[in-house]
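Asker: Attaching a single structure in structure tokens format; questions to follow.
The values are calculated or read from the model by the stated rules, or taken from the named source; none is laboratory data. Just so it is clear, the structure is predicted and the values come from calculations on it, not from any experiment. Note that we place each Cβ from the backbone using ideal geometry, even for glycine, and neighbour counts take in every protein chain shown. The area values use the complete protein model at the heavy-atom level, side chains included, leaving out ligands, DNA and RNA. Shrake-Rupley method; radii C 1.70, N 1.55, O 1.52, S 1.80 Å.
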Amino acid sequence: MTLPTAQTPIAGWGRYNPVVCSCVRPERSNALAAFLETNGEPLVARGLGRSYGDASVNQEGLVVDFTRMNRIRAFDPETGVLECEGGVSLADILTVFVPRGFFLPVTPGTKYVTVAGAIANDVHGKNHHCDGSFAQFVDSIELWTPARGVLTCSPTENADIFWATAGGVGLTGVILTARLRLLSIDSAYVRVDYQRCANLDATLDAMAASDQYYRYSVAWVDCLAQNASLGRSVLMRGNHTLANTLPESKASTPYRLPRRPGLTIPVDFPGCVLNHYSVKAFNTLFYAKNRDARDVVVDYDKYFYPLDGIHQWNRMYGRKGFIQYQATFPLESREGLVKLLERLAGSGRASFLAVLKCFGAASPGLLSHPMPGYTLTLDIPNGLGLTAFVASLDRLLLEYGGRLYLAKDALARPEAIEAMYPNLKTFREIRAKLDPNRLLASNLSRRLRLDG
Amino acid sequence: MTTFQPKSVVILGALSGVARYIADGFAREGFAVALAGRDLEEMELLAADLRERHEVTCCCLKFDALDIDSHASFVQETTEALGALPGGVVACFGYMADQTEAQRDFALIRKTLDTNLTGAISILERFAAAFEERQSGFMAALSSVAGDRGRKANYFYGAAKAGLSAYLQGLRNRLHASGVKVTTIKPGFMDTPMTYGMDLPGALVAAPQSAAQAMTRAILKGKNVVYVPFFWRYIMWIIRSIPEWQFKKMSI
Ligand SMILES: Cc1cc2nc3c(=O)[nH]c(=O)nc-3n(C[C@H](O)[C@H](O)[C@H](O)COP(=O)(O)OP(=O)(O)OC[C@H]3O[C@@H](n4cnc5c(N)ncnc54)[C@H](O)[C@@H]3O)c2cc1C
Ligand SMILES: NC(=O)c1ccc[n+]([C@@H]2O[C@H](COP(=O)([O-])OP(=O)(O)OC[C@H]3O[C@@H](n4cnc5c(N)ncnc54)[C@H](OP(=O)(O)O)[C@@H]3O)[C@@H](O)[C@H]2O)c1
């Protein structure tokens, strides 16, 4: 069976290089199953399109928009296990389950991602140093594969396929449903400590000394600061709060959030609004305005999703879009991180604050991004010389044994990714068996030759 | 908001792209929901979703707008499934054929009229009788802005929806005395399977989630006629006020 197609210009969240794709958008599982059985064109599934690059873009074939496959199947309040379709968003899960005392075990910096998208990139959150990444909380998935139909995969059943799918950017199959273990919480609030760090060493030392006391840890870095202030940051670390320690006004309704009006960026900003000077002023102000503070009670929305309050904030970068650069260095390569920051600060390529985090142990996901080390994430607006500049950052990263994140990447070369992900070979072997006729493909998979 | 008793609703055509979110809206308000449509297996998935999200009663019923004979017993079936005559009914099913194909094939025109007009009238009359007798209830149907003025681009569908709008008008008039509320919903473009892939002006296309929210609110308030989103009232006012001698030359 075929599904109606729509010709739609799409790109990643960075709106870098949009292309027209043939999209289908199933709403029913029986129609989806019939479509997958008979379809002969290369396809890639797409969630909420929050990957920054071309992971869920496919110009040669079809894009399967999964956002309407978003039904909850079952929930067990005893175990906290949620079974749902792949297109259910994390925002939906929070709306439904926070009032019942459950939170996401891992969440990225936006709640507008789908469960399947979170598995396909094996996303990480501020708790990576103690909890690991998203797929590690997935009990099992139903995966449609071209060669073997629908498979149940879990860390114990079809385990090799499960760990190829975690971080496998949609190239092992279509994730139909997932069983996810939610985290039991006592309130919707996080108790946060804010700490300013004058430079990179101070930041990393503080993380090393006391990250272990916090479930969540992240630093916002002013990456325009140079010299002695290079890497100055505000550390924001916290833990879930017990209801009985909340201030009185909140203690009686510990799961309720304060109402907040949403803001929308209605049009593209002209390219000049975010320039070196305006961003520098913003960053300086951000650092200056923040004071050290302890035990600040913040609701989860504000702590985890500061940008989600501004809809379509990606339009701030104007029509040409931007890329996001996420680089992870192994723990022993602090020097590499310093060099990267120096290069960024010196380049004058405006970026808002960058995010710095210390990762914990890697997940078994073959192409999962996190590995023990430091990860730095920042936006770089599209402009003259972008490709060459990013290529120079990639070389630096490689030199220090670091790696890029496929969810963010838009520009890397295949050789670089091959060197960064030693498990790529195993991934390719597993993939070849599941998809011998190459029916799963994306612009990302072709650009990076993930098929070999 | 008007309070309706019992707090239950039947959604006809429950798998429509917008209906599933209307059902969700009622479930969120604590209504017991009966989903009615042609695909039971798929409706069960939606029912499970509504139960998990909102902890409400939800059941599924077979319903085909074209199977007029089955409509006689449908109110009874609903009453049995929900344990009482439902508080209200929302008709969401609809069918839009490709206009040029329909011009060549009367069967498609007939299906358009039978589904959107005859089928709707047939089933709504059954509920109207029951609600009138009970002296309470709410009824709503998704008509369309397409019924506000015939256009060459889809006038079979437009004719059916114009008929449906007129029917609802009369029904409202009739049921006023018995306290039954009748809401005519006139959506503009919505991003559902009905329009997926069509070349529509993006800024005018509503997400079904937000459209459904506006519809549920209007029904619960007992509104008479509501355009969704609201600005279609003004767009249609302008379109209706173009003189016929000029309109007939236009392509909109
Ligand atoms: C503001 C912001 C903050 C972010 N913060 C973080 C962060 O802190 N940590 C982090 O790890 N990431 C972060 N991200 C990235 C984001 O979490 C990931 O890119 C995520 O995978 C996006 O999910 P999505 O639903 O939008 O899927 P898409 O971006 O549309 O797709 C992502 C991948 O999932 C695949 N996919 C989607 N659906 C299916 C399916 N049903 N079956 C199989 N494959 C499928 C696609 O093919 C693609 O490869 C952030 C993004 C934004 C915009
Ligand atoms: N989308 C728009 O832009 C738009 C604009 C104005 C008005 N509307 C109206 O809004 C309503 C909902 O539309 P939608 O956009 O959500 O469309 P949709 O997703 O295409 O849904 C149409 C639904 O109608 C059902 N249906 C069709 N014939 C039926 C029959 N004989 N018996 C029972 N159910 C039947 C279909 O069920 P099956 O699965 O069994 O086929 C389907 O669930 C319709 O009345 C439509 O005319 C839509």
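Asker: State, to one decimal in nm², a quarter of the convex hull surface area for the C-alpha atoms of region B:1-109, i.e. the direction-averaged projected area. Mind showing how you got there, number by number?
Answerer: Values: hull surface 31.8 nm².
For region B:1-109, the mean projected area of the Cα convex hull comes to 7.9 nm².
Asker: What's the FRET efficiency of residue B:207 with residue A:319 using the Cβ-Cβ distance as r and R₀ = 22 Å, to the nearest 0.05?
Answerer: Numbers: r = 24 Å, r/R0 = 1.07.
For R0 = 22 Å, the calculated efficiency reads 0.40.
Asker: A further question follows. Taking every pair of Cα atoms in region A:283-332, average 1/r, invert it to obtain the Kirkwood radius, and report Rg/Rh to two decimals.
Answerer: Values: Rg = 15.6 Å, Rh = 14.7 Å.
Ratio of gyration radius to Kirkwood radius for region A:283-332: 1.06.
Asker: Continuing with this model, one more query. For the protein assembly as shown, what is the accessible area per residue in Å², given a 1.4 Å probe and the full set of protein chains? All intermediate terms of the calculation are to be shown ahead of the outcome.
Answerer: Values: 29180 Å² over 704 residues.
That works out to 41 Å² per residue.
Asker: Further question: Quickly estimate the mean residue ellipticity at 222 nm for chain A, helices only: each DSSP H run with n ≥ 4 gives -39500 (n - 2.57), and the total goes over all residues, rounded to 500. Don't skip to the end; give the middle numbers.
Answerer: Numbers: 14 runs with 120 residues, N = 452.
-7500 deg cm²/dmol, from helical runs alone.
Asker: Leaving out ligands, DNA and RNA but keeping every protein chain, what accessible area does residue A:257 have, in Å² rounded to the nearest 10, with a 1.4 Å probe?
Answerer: Ignoring ligands and nucleic acids, residue A:257 comes out at about 50 Å².
Asker: What residues have an amide H closer than 5 Å to that of residue A:409, excluding those fewer than 5 places away on the same chain, when H is modeled at 1.01 Å from N in the peptide plane?
Answerer: Residues meeting the criterion, in which the H sits 1.01 Å from N, are A:53.
Asker: A further question on this structure: Lys and Arg at +1, Asp and Glu at -1: add these up for the other residues within a Cβ distance under 13 Å of residue A:224 and post the number.
Answerer: Numbers: positive: A:232, A:280, A:343, A:349; negative: A:222, A:342, A:379.
In short, +1.
Asker: How big, in percent, is the set of alpha carbon pairs in region B:135-191 lying more than 17 Å apart?
Answerer: So the pairs more than 17 Å apart make up 41 percent of the total in region B:135-191.
Asker: Which order do the peptides A:356-367, A:290-301 come out in when sorted by mean C-beta neighbours inside 10 angstrom, highest first?
Answerer: Working: A:356-367: 20.9, A:290-301: 14.3.
Going from most to least packed, we get A:356-367, A:290-301.
Asker: Rounded to a whole number of µm²/s, how large is the Stokes-Einstein D of region A:72-185 at 4 °C and 1.567 mPa s, given Rh as the Kirkwood radius over C-alpha pairs? Intermediate values should be presented prior to the final figure.
Answerer: Values: Rh = 13.9 Å.
Using the Kirkwood radius from Cα pairs, D works out to 93 µm²/s.
Asker: Also, quick follow-up: Using a 1.4 angstrom probe on heavy atoms only, work out the carbon and sulfur share of the accessible area of region A:39-95 in %. Spell out each step's value before the answer.
Answerer: On the way: 690 of 1690 Å².
Whole-percent figure for carbon plus sulfur exposure: 41.
Asker: Residues of region A:10-41 with accessible area at least 30 Å² lower in the all-protein-chain context than alone (1.4 Å probe)?
Answerer: So the qualifying set is A:25, A:27, A:28, A:30.
Asker: Next question. Kindly provide the pair-distance distribution of region B:168-216 built from C-alpha pairs, with 5 Å bins from 0 and whole-percent values in order of increasing distance.
Answerer: 5, 18, 20, 14, 13, 12, 10, 6, 2
Asker: Using only C-alpha positions, report the orientation-averaged shadow area of the convex hull of region A:189-411, nm², one decimal.
Answerer: On the way: hull surface 53.9 nm².
Projected over every direction and averaged, the Cα hull of region A:189-411 covers 13.5 nm².
Asker: Moving on. For region A:299-361, what is the convex hull (Cα atoms) projected area averaged across all directions, in square nanometres?
Answerer: Details: hull surface 24.5 nm².
The Cα convex hull of region A:299-361, projected and averaged over all directions, gives 6.1 nm².
Asker: Here is a follow-up. Let me see the P(r) profile for region A:190-237: every Cα-Cα distance counted, bins of 5 Å, each bin given as a percent of all pairs.
Answerer: 5, 25, 33, 20, 11, 5, 1
Asker: Let me ask you something else. In terms of the ratio Rg/(2.2 N^0.38 Å) built on C-alpha atoms, what value belongs to chain B? Walk me through the numbers before you get to the answer.
Answerer: Numbers: Rg = 17.6 Å, N = 252, 2.2 N^0.38 = 18.0 Å.
For chain B, the normalised Cα radius of gyration is 0.98.
Asker: Using each residue's phi in region B:113-119, evaluate 6.51 cos²θ - 1.76 cosθ + 1.60 at θ = phi - 60° and report the 3J(HN,Hα) Karplus result to the nearest Hz, with x for Gly and Pro.
Answerer: So the Karplus estimates, Gly and Pro as x, are 5, 5, 6, 6, 10, 4, x Hz.
Asker: By a straight-distance test (C-alpha under 16 Å), which aspartates and glutamates pair with residue B:181 as possible cross-link partners, with residues fewer than eight away in the same chain excluded?
Answerer: Once the sequence-local aspartates and glutamates are set aside, what remains near residue B:181 is B:125, B:132, B:133.
Asker: Determine the share of chain B's accessible area contributed by carbon and sulfur atoms, expressed in whole percent, with a 1.4 angstrom probe.
Answerer: 54 percent
Asker: Let me cross-check residue A:338: its accessible surface, 1.4 Å probe, with only protein heavy atoms counted, in Å² to the nearest 10?
Answerer: 40 Å²
Asker: Regarding the protein assembly as shown, what are the three Cα extents along the principal axes, ordered largest first, in Å?
Answerer: Extents along the principal axes: 81, 60, 55 Å.
Asker: Which value, in debye to the nearest 20, describes the size of the charge dipole of region A:72-185 about its Cα centre when Lys and Arg Cβ atoms bear +1, Asp and Glu Cβ atoms bear -1, and nothing else is charged?
Answerer: Values: 7 positive and 11 negative charges, 51 e Å.
Once rounded to the nearest 20, the dipole reads 240 debye.
Asker: Between their Cα atoms, which of B:111/B:186; A:280/A:302; B:7/B:152; A:250/A:408 are more than 31 Å away from each other?
Answerer: Working: B:111/B:186 21 Å; A:280/A:302 24 Å; B:7/B:152 42 Å; A:250/A:408 37 Å.
B:7/B:152; A:250/A:408, as the Cα separations exceed 31 Å there.
Asker: Right, something else. Can you give the translational diffusion coefficient of region A:206-328 in µm²/s, computed by Stokes-Einstein from the Kirkwood radius over Cα pairs at 4 °C and 1.567 mPa s? Could you put the intermediate results ahead of the total?
Answerer: Numbers: Rh = 17.5 Å.
For the chosen part, D equals 74 µm²/s.
Asker: Average partner chain C-beta neighbours within 10 Å, per residue of B:44-53?
Answerer: Working: counts 0, 8, 2, 1, 6, 9, 2, 3, 10, 7.
Across B:44-53, the average partner-chain Cβ count within 10 Å equals 5.
Asker: Count, for each residue of A:72-81, the Cβ atoms from other chains sitting within 10 Å of its Cβ, then give me the mean as a whole number. List each step's numbers first, then the result.
Answerer: Values: counts 7, 4, 4, 4, 0, 0, 0, 0, 0, 0.
Per-residue shielding by partner chains comes out at 2.
Asker: Here's another thing I want to ask about it. Rounded to whole Å and sorted largest first, list the principal axis extents of the Cα atoms in region A:216-267.
Answerer: Its Cα atoms span 49, 36, 15 Å along the three principal axes.
Asker: At a probe size of 1.4 Å, how large is the accessible area of residue A:112, to the nearest 10 Å²?
Answerer: About 60 Å², ignoring ligands and nucleic acids.
Asker: Cα atoms only: what Rg and Dmax, in Å, come out for region B:40-91?
Answerer: 12.1, 35
Asker: Once you place label points 7 Å from the Cα toward the Cβ at residue B:79 and residue A:260, how far apart are they in nm?
Answerer: According to this spin-label approximation, the distance is 5.0 nm.
Asker: Using Cα pairs closer than 8 Å and at least 6 residues apart in sequence, work out the relative contact order for region A:321-421, in percent. List each step's numbers first, then the result.
Answerer: Details: 157 pairs, mean separation 40.7, N = 101.
Relative contact order of region A:321-421: 40 percent.
Asker: Give the span of region A:1-152's Cα atoms along each principal axis, as three whole-Å numbers ordered largest to smallest.
Answerer: If we take the Cα atoms of region A:1-152, the spans are 42, 34, 26 Å.
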